[in-house]
1. Kindly indicate whether any position in the stretch 99-112 is out of contact with any helix residue (DSSP H, G or I) (no Cβ under 9 Å at 6 or more places or on another chain), surrounded by fewer than 17 Cβ atoms within 10 Å (Cβ to Cβ) and outside any helix (DSSP H, G or I).
2. I need the full set of residues from the stretch 163-184 which are modelled with pLDDT under 90 and in a loop (DSSP other than H, G, I, E, B), in order please.
3. Yes or no: the stretch 6-20 includes at least one residue that is under 30 Å from residue 117 (Cβ atoms), outside the structural domain of residue 119 (by TED's automatic domain parsing) and not in a helix (DSSP H, G or I).
4. Can you find a residue in the stretch 31-53 that is touching a helix residue (DSSP H, G or I) at 6+ places or on another chain (Cβ under 6 Å), over 25 Å from residue 133 (Cα atoms) and not in a loop (DSSP other than H, G, I, E, B)?
5. Condition test on residue 24, is it outside the structural domain of residue 106 (by TED's automatic domain parsing), touching a residue at least 60 places away in the same chain (Cβ under 8 Å), more than 23 Å from residue 150 (Cα to Cα) and in a helix (DSSP H, G or I)?
């Protein structure tokens, strides 16, 4: 990796950990902070992920495992609550890089896309609706909630991306390095009970 890509990856990693941004926005902010041009070649997500792990090991090793477990426990509770929508956890809480600044990203694979909204209304949960970029670059509806995390003593963002049930097939393909990009309830239960998996 060339010097500018490495510097962007390191700066983006700091932003990811300290501010809870996703990799894409963190890389774009890193370019601005470093005063580089908008057309500067970006490092891939694997390079940023490697830098995130290094940053956590250097600056957050005493707090990050506790915060990650708190977020995974909260995610598991919501996945169990929303089990009929085939929930999968993705993002920093799934890949193990989350801190108290990270949001929880759940992907729901529904028979009827409106059923998840109806479920939240029935549960008395207030949510905001917006459109985000989904699995295959397609727009997808996201339901965003602020939920209390007792272990962290603060509120955490929970984002439910609503997909059609048929989208699940393509969602389970590992990345180029063989990493699973999301996990179901059973996989998360294993991680909560044995974080070293």
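1. Narrowing the stretch 99-112 to residues out of contact with any helix residue (DSSP H, G or I) (no Cβ under 9 Å at 6 or more places or on another chain): none.
No.
2. 172, 173, 174, 175, 176, 177, 178, 179, 180, 181
3. Yes, there is a match, as at least one residue in the stretch 6-20 is under 30 Å from residue 117 (Cβ atoms), outside the structural domain of residue 119 (by TED's automatic domain parsing) and not in a helix (DSSP H, G or I).
4. No, the stretch 31-53 has no match at all.
5. Values: outside the structural domain of residue 106 (by TED's automatic domain parsing): yes; touching a residue at least 60 places away in the same chain (Cβ under 8 Å): no; more than 23 Å from residue 150 (Cα to Cα): yes; in a helix (DSSP H, G or I): yes.
No; evaluated as a whole, the condition is false for this residue.
Yes or no, residue by residue, for (1) closer than 21 Å to residue 183 by Cβ; (2) touching a residue at least 40 places away in the same chain (Cβ under 8 Å); (3) over 18 Å from the mean Cα position of the chain (by Cα):
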{"position": "90", "(1), (2), (3)": "yes, yes, no"}
{"position": "103", "(1), (2), (3)": "yes, yes, no"}
{"position": "106", "(1), (2), (3)": "yes, yes, no"}
{"position": "113", "(1), (2), (3)": "no, yes, yes"}
{"position": "124", "(1), (2), (3)": "no, no, yes"}
{"position": "130", "(1), (2), (3)": "no, no, no"}
{"position": "141", "(1), (2), (3)": "no, no, no"}
{"position": "161", "(1), (2), (3)": "yes, yes, no"}
{"position": "165", "(1), (2), (3)": "yes, yes, yes"}
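The values are calculated or read from the model by the stated rules, or taken from the named source; none is laboratory data. Remember, it's a predicted structure, so these values are computed and weren't measured experimentally. So basically every Cβ, Gly included, is an ideal-geometry build from the backbone, and we count neighbours across all protein chains shown.
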